[in-house]
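Comments concern the structure below.
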Amino acid sequence: MPAAGESERAPNIARTVWEAAGARARSEGLPLIWIMSRALTEYAAGTLPLPRTVPGVQAGGRRGRSVFATDAVWSAADARRRTENVRSMSALCETLLAAYARGDIHSYARMVTTAQRDALTQPPASEGSASRPVAA
């Protein structure tokens, strides 16, 4: 179920990656869609570096998987992945989930006030302005 302001997206992610990330999320008591949403949000905000990729994910078995993100987060992640030469949003989502499944990235929740949250969810004032974190 999406949080307020989020839309469903369907990036193509390999079954093996989805299942491995799902197993880790379950072991941590967290929903996989929350993990994907947080990873995209942190990546879009520039606070999560692009994890290294490792060979071995089979090209087959990819299909659309439900993930949720705000338009601002999806657009910011899309813009950043283009500057980092990641071929698609599907590839980005798979890279983030594969890194999570391997234990290369970790979930971490922080508490903020309503005012802090609202400031994080506002899109940047202009293309040329300093980037500011975007939250889901």
Can you find, within segment 6-43, the residue that is farthest from SER90 (Cα to Cα) among those that are surrounded by fewer than 21 Cβ atoms within 10 Å (Cβ to Cβ) and among the acidic types (Asp, Glu)? GLU28
Whichever residue in segment 71-102 is of a type in the set (Val, Ile, Thr) and open to solvent by less than 40 Å² (accessible area, probe 1.4 Å) and, among such residues, is farthest from SER37 (Cα to Cα): VAL86
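Take ALA3 and tell me if it is over 12 Å from the mean Cα position of the chain (by Cα), modelled with pLDDT of 85 or more, open to solvent by less than 70 Å² (accessible area, probe 1.4 Å) and not aromatic (Phe, Trp, Tyr). Break it down into steps so the answer makes sense when it comes.
Values: over 12 Å from the mean Cα position of the chain (by Cα): yes; modelled with pLDDT of 85 or more: no; open to solvent by less than 70 Å² (accessible area, probe 1.4 Å): yes; not aromatic (Phe, Trp, Tyr): yes.
Judged against the criteria, ALA3 is not a match.
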For helices (runs of 4 or more DSSP H) lying entirely in segment 1-104, having 3 or more residues that are farther than 22 Å from ARG117 by Cβ picks out 15-27, 71-83, 89-102
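The values are calculated or read from the model by the stated rules, or taken from the named source; none is laboratory data. No experiment lies behind these values; they were computed from the predicted model shown. Virtual Cβ from ideal backbone geometry, glycine too; neighbours counted across all protein chains shown. In case anyone asks, the SASA skips ligands and DNA or RNA and just uses the protein heavy atoms, side chains included. Shrake-Rupley method; radii C 1.70, N 1.55, O 1.52, S 1.80 Å.
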